[in-house]
Amino acid sequence: MFLFLILLGSAIALIVIGAVVDGMLYLLSTGVLLFVVAVLYLLVRSILRSRRGRPTAF
């Protein structure tokens, strides 16, 4: 969860800096990409965690 929060905080900071400073569109796009990676990380982690707790049926 700590990694997700670090990724999310970094993404938000890059998005804000890229939107405010003129000519920093690459920071905005990097922030959006980092945000997508953070959400995908959380999704994969939750799917793997839910599969691990499920008992197998015979």
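Students often check this: by mean Cβ neighbours within 10 Å, which of 26-32, 1-7 ranks highest, and how do the rest follow?
Result, highest mean first: 26-32, 1-7.
Report ³J(HN,Hα) in whole Hz for each residue of region 35-47, in order, from the Karplus equation J = 6.51 cos²θ - 1.76 cosθ + 1.60 where θ = phi - 60°; Gly and Pro get x.
5, 5, 5, 5, 5, 5, 4, 5, 5, 5, 5, 6, 5
Obtain the nm distance between the two label points defined at Ser10 and Leu42 by a simple spin-label model: each point lies 7 Å from its Cα along the Cα-to-C-beta direction.
1.7 nm
Hey, got the Cα dimensions of the chain along the principal axes, in Å, largest first?
61, 17, 9
Counting only helical runs of four or more DSSP H residues, what would the 222 nm mean residue ellipticity of the chain come to if each run contributes -39,500 (n - 2.57) and the total is spread over all its residues? Could the numbers behind the result be given before it?
On the way: 2 runs with 47 residues, N = 58.
Helix contribution divided over all residues of the chain: -28500 deg cm²/dmol.
We did not get these values from a lab; they are worked out from the coordinates using the rules stated. It should be emphasised that the depicted structure is a prediction, and the values quoted were computed from it without experimental measurement. Cβ atoms come from the backbone with ideal geometry, glycine included; neighbour counts cover every protein chain shown.
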